[in-house]
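Structure, as structure tokens:
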Amino acid sequence: ESLTCARNEEDVLRFLMMNPHKNVIHIKNIMESLKAIYIIQEYVPKGNLETFTYSHLNSFHPNDKLACVIDILKQIAEGMYHYMSYGIIHRDMKPQNILIDIHNGHVEVKIIDFGFSTVLFRNELVNQKYGTLLYLAPEIVDNHFYNNKVYIWSFSLIAYFVLYGKHF
């Protein structure tokens, strides 16, 4: 199972290397040995969205916080749209898999950790249960077949967390 996930992640990341997006982690290189796969990616120093929400975002003035939250959610949506337009589903979207950087006072997000990801063809459905329970759509929890549209649920829970600073 873990080798399959590693191979899927490697394949997806190689594809994303050739089709980059500013809100998806930039992969610089992927190397392989007999025992491991090494992924060299850009350095994103400010931590993940969960940490950023607890340590910075909740201290913003409400108007500044709302503007920042809208910008963060827009960037997440753009990154998700990018890889989903190629049929890639992440299967573990959560605040811990979104890194934060700040350039010239502007927050930038990077979606990471494609370890559970896979590629779905048009109208294809899957029913594997991957991801973090707190962010899984009911269809996944209940072992129903699903497509990439269930990730609207994950995005909504991320939005709730960033807005209110707590999990739903």
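The values are calculated or read from the model by the stated rules, or taken from the named source; none is laboratory data. This is a predicted model, so every value here is computed, not measured. Heads up, the Cβs are rebuilt from the backbone with ideal geometry, glycines too, and the neighbour counts pull from every protein chain shown. Accessible surface areas use protein heavy atoms only, side chains included; no ligands, DNA or RNA. Shrake-Rupley method; radii C 1.70, N 1.55, O 1.52, S 1.80 Å.
A few notes on this one:
- Inter-centroid distance (Cα atoms) of segment 121-168 relative to segment 64-96, Å: 13
- For segment 61-168, the residue among Gly79, His167, His103 whose Cα projects farthest onto the positive side of the dipole built from Cβ charges is His167.
- Cross-link partners of Lys166 among aspartates and glutamates (Cα-Cα below 16 Å; sequence separation of 8 or more within a chain): Glu50
- Range of Cα positions in segment 11-71 per principal axis (Å), largest first: 51, 24, 14
- The chain, accessible surface, carbon-and-sulfur percent (1.4 angstrom probe): 57
- Interchain or long-range residues, amide H under 5 Å from Val44's placed H: none
- Paramagnetic label reach from Phe121 (point 7 Å along Cα→Cβ; backbone nitrogen cut-off under 17 Å): within segment 82-96, residues 86-89.
- For the chain, the solvent-accessible area with a 1.4 angstrom probe is 57 square angstrom per residue.
- Computed over segment 89-159, the P(r) tail beyond 21 angstrom holds 29 percent of alpha carbon pairs.
- For segment 95-102, Karplus couplings with θ = phi - 60° (6.51, -1.76, 1.60), whole Hz, Gly/Pro x: x, 5, 9, 10, 8, 10, 9, 10
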